[in-house]
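The values are calculated or read from the model by the stated rules, or taken from the named source; none is laboratory data. Quick caveat, the model's predicted, so the values are computed rather than measured. Glycine also receives a Cβ, built like all others from the backbone with ideal geometry; neighbour counts cover every protein chain displayed.
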Amino acid sequence: MITKFKLFENINRAPEIGDYVIIDCGSFSGPDDRQLYDLYCNNVGEIIGGNSDEGYYDVKWENVPEFDEIGYRKDYFKKRGPLKNARQYHISFFVCWSDDKEELEAYLSAKKYNL
């Protein structure tokens with residue numbers, strides 16, 4: 001069995017457009033919010049814009065479920081244009097970021113199995 005260990009750190013590097021990110025927004029209050037929480041914490045988003053001076057970034061998600069499925073406000077994610085399936089987040093919600101999506105997917109796998 002081959003085991004791969006990786007230390008996930010963001011040392012002295014601000015997130016940039018094109019980087020991938022994992023977000024933890026804490027817990028949501030409603031019972032239907034679990035799917036939305038899982039979207040954030042168990043998937044990798046991509047930074048597509050934002051203002052690094054203020055610490056806000058636009059993060060786009062792939063495979064966002066339909067709003068009827070997640071039971072959330074229809075305006076929660078943008079649904080048109082270049083910001084489709086995107087939302088703005090402050091850097092304080094970022095768990096980690098990288099220019100390599102595979103690194104973050106390895107992080108999610110390690111988290112899933114408590115490694």
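State whether the residues of the range 46-62 include one that is surrounded by 14 or more Cβ atoms within 10 Å (Cβ to Cβ), outside any helix (DSSP H, G or I) and modelled with pLDDT under 80. No, every residue in the range 46-62 fails to be surrounded by 14 or more Cβ atoms within 10 Å (Cβ to Cβ), outside any helix (DSSP H, G or I) and modelled with pLDDT under 80.
Of the residues making up the range 1-45, those that are exposed (fewer than 15 other Cβ atoms within 10 Å of the Cβ), at pLDDT 85 or above and of a type in the set (Gly, Ala, Ser) are 14, 18.
Annotation note: Cβ proximity below 8 Å between a residue of the range 32-44 that is under 21 Å from residue 106 (Cβ atoms) and a residue that is assigned to a helix (DSSP H, G or I) and at pLDDT 70 or above (sequence gap 6+ or interchain) occurs for 42/108; 42/112; 43/108; 44/101; 44/104; 44/105; 44/108.
Can you tell me which residue within the range 89-109, out of those that are of a type in the set (Gly, Ala, Ser) and in contact (Cβ under 8 Å) with a residue 24 or more places away in the chain, is surrounded by the fewest Cβ atoms within 10 Å (Cβ to Cβ)?
Of the residues in the range 89-109, the ones of a type in the set (Gly, Ala, Ser) are 92, 98, 106, 109.
From what is left, the residues that are in contact (Cβ under 8 Å) with a residue 24 or more places away in the chain are 92, 98, 106.
Working: 92: 7, 98: 20, 106: 17.
Checking each candidate, the answer is 92.
If I filter the range 68-115 down to residues being within 22 Å of residue 54 (Cβ to Cβ), assigned to a helix (DSSP H, G or I) and in contact with a strand residue (DSSP E or B) (Cβ under 8 Å, 6 or more places away or on another chain), which single residue comes out as modelled with the highest pLDDT? Within the range 68-115, the match that is modelled with the highest pLDDT is 91.
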